[in-house]
Amino acid sequence: MEIKVFGVVGAGQMGNGIAQVAALSGLDVIMSDIRNEFVQQGLDHIRKMLDKGVEKEKITKDAADAAFGRINTSVYLKDMAKADFVVEAATEEESIKFLIFRDLDDICSSDTILATNTSSIPIGRIGAKTKRPDKVIGMHFMNPVPLMKLVEIIRSLATSEETFQATWNLAGKFGKIPAEANDYPGFISNRILMPMINEAVFALHQGVGTKEAIDTVMKLGMNHPMGPLELADLIGLDTCLAIMETLYDGFKDSKYWPCPLLRKYVEAGWLGRKTGKGFYEY
């Protein structure tokens with residue numbers, strides 16, 4: 001299938017990053033969110049990232065300006081009717097995603113592929129909320145999207161081969177390297193990553209080490225570019241908690257039980273970089 005117009009639902013750190021790479025690949029983009037201020041913040045961040053790319057001579061100013069000019073914004077989901085392919089990048093909450101997919105199913109052409117950037121929610125569960133489960137797929141980008149090469153592609157039992165191939169090819173068009181994962185909670189990436197982060201929070205909670213010591217051990221001892229607590233702050237502690245809850249609910253295994261300290265931070269509104277405070281202050 002030919003994809004000319006690409007839709008992104010959500011203008012946050014993941015959504016605006018996805019919109020940016022899609023626009024740089026030559027696609028016309030529609031980026032939507034529920035409020036004008038969210039859309040404008042996302043657009044401002046894209047402009048900032050494109051300008052930074054020009055400064056570092058990774059792209060030309062003409063290419064950056066052309067990409068920015070291909071991005072249209074909206075606060076109305078109905079504008080996704082123009083899209084050939086839509087990626088949902090909203091909050092990691094089932095109820096919100098289910099509602100978005102029900103609405104997209106009614107709004108979009110029957111040929112439109114509906115993808116989700118969910119970090120952990122099974123794709124089959126989302127697809128079941130539509131009348132087109134064969135055209136629903138997971139397209140899980142990594143943060144920050146413009147810099148990270150990986151895109152995890154997840155198909156449910158109902159996802160068609162045509163949908164899978166179109167999504168796989170689109171990831172390549174974006175300059176990404178796709179990897180296929182089966183439809184289990186957390187897929188590959190977060191089934192491995194999140195328990196490690198959760199265990200780091202337990203180590204902090206139980207006084208095994210300070211946050212600095214825990215991150216230093218993992219960076220210098222395991223050659224990780226970021227420590228797990230730093231990474232949790234980057235991802236968002238609310239997102240980390242939501243993923244752990246999905247894993248725990250999906251597998252009913254105590255090894256996925258979210259650390260109480262992680263829950264306390266989220267309840268306090270200390271969500272990481274996006275709020276200025278998490279395990280570290282920003």
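Evaluating 6.51 cos²θ - 1.76 cosθ + 1.60 at θ = phi - 60° for every residue in the stretch 183-189, the Karplus couplings come out as 7, 10, x, x, 6, 8, 4 Hz, glycine and proline recorded as x. The alpha carbon centroids of the stretch 179-219 and the stretch 37-113 are separated by 30 Å.
Fewest-first ordering of PHE101, PHE251 by other beta carbons within 10 Å of each residue's beta carbon gives PHE251, PHE101. Of the residues VAL208, VAL5, the one with the fewest other Cβ atoms within 10 Å heads the list, and the complete ranking is VAL208, VAL5.
Count neighbours as other Cβ atoms within 10 Å of each site's Cβ, and list the trypsin sites (Lys or Arg not before Pro) in the stretch 1-73 that are DSSP loop with at most 13 such neighbours. List each step's numbers first, then the result.
Details: sites: LYS4, ARG35, ARG47, LYS48, LYS52, LYS56, LYS58, LYS61, ARG70; in loops: LYS4, ARG35, LYS56, LYS58, ARG70.
Sites meeting the loop and neighbour criteria: LYS4, ARG35, LYS56, LYS58.
Using the alpha-carbon positions of the chain, Rg (one decimal) and Dmax (whole number) come out as 18.7, 55 Å.
Listed by Cβ neighbour count within 10 Å, with the fewest neighbours leading, ASP233, ASP62 appear as ASP62, ASP233.
Annotation: amide H-H contacts under 5 Å for THR118 (H modelled 1.01 Å from N, sequence separation of 5 or more, or interchain): MET139.
Specify the longest stretch of the chain that does not include any exposed loop site, a site being one of the GluC sites (Glu not before Pro) with a non-H, G, I, E, B DSSP assignment and at most 15 other Cβ atoms within 10 Å. Display every interim value, and only then the final one.
Details: sites that count: GLU2, GLU57, GLU93.
Longest site-free region, per DSSP loop and neighbour criteria: 94-282.
The H on the amide N of ASN72, modeled in the peptide plane, is under 5 Å from the matching H of VAL29, ILE30, MET31, each at least 5 residues off or on a different chain. Computed from backbone phi, the HN-Hα couplings of the stretch 199-208 come to 5, 5, 5, 4, 4, 5, 4, 8, x, 5 Hz, rounded to whole numbers (Karplus: 6.51 cos²θ - 1.76 cosθ + 1.60, θ = phi - 60°; Gly and Pro given as x).
Just in the stretch 13-83: which chymotrypsin sites (Phe, Trp or Tyr not before Pro) are loop by DSSP and have at most 12 other Cβ atoms within 10 Å? Don't skip to the end; give the middle numbers.
On the way: sites: PHE38, PHE68, TYR76; in loops: TYR76.
Passing sites in the stretch 13-83 are TYR76.
Separation of the alpha carbons by more than 21 angstrom is noted, of LYS48/LYS274; LYS149/LYS264; LYS4/LYS135, for LYS149/LYS264. Across the stretch 106-114, coupling constants 3J(HN,Hα) worked out from phi with the 6.51/-1.76/1.60 Karplus curve, θ = phi - 60°, read 7, 7, 7, 4, 5, 8, 6, 7, 10 Hz, and Gly and Pro carry x.
Since every read-out is calculated from the coordinates, none of them should be taken as a lab result. Everything quoted here is computed from the prediction, not taken from an experiment. Every residue, glycine as well, gets a Cβ built from its backbone with ideal geometry; the counts of neighbours run over all protein chains shown.
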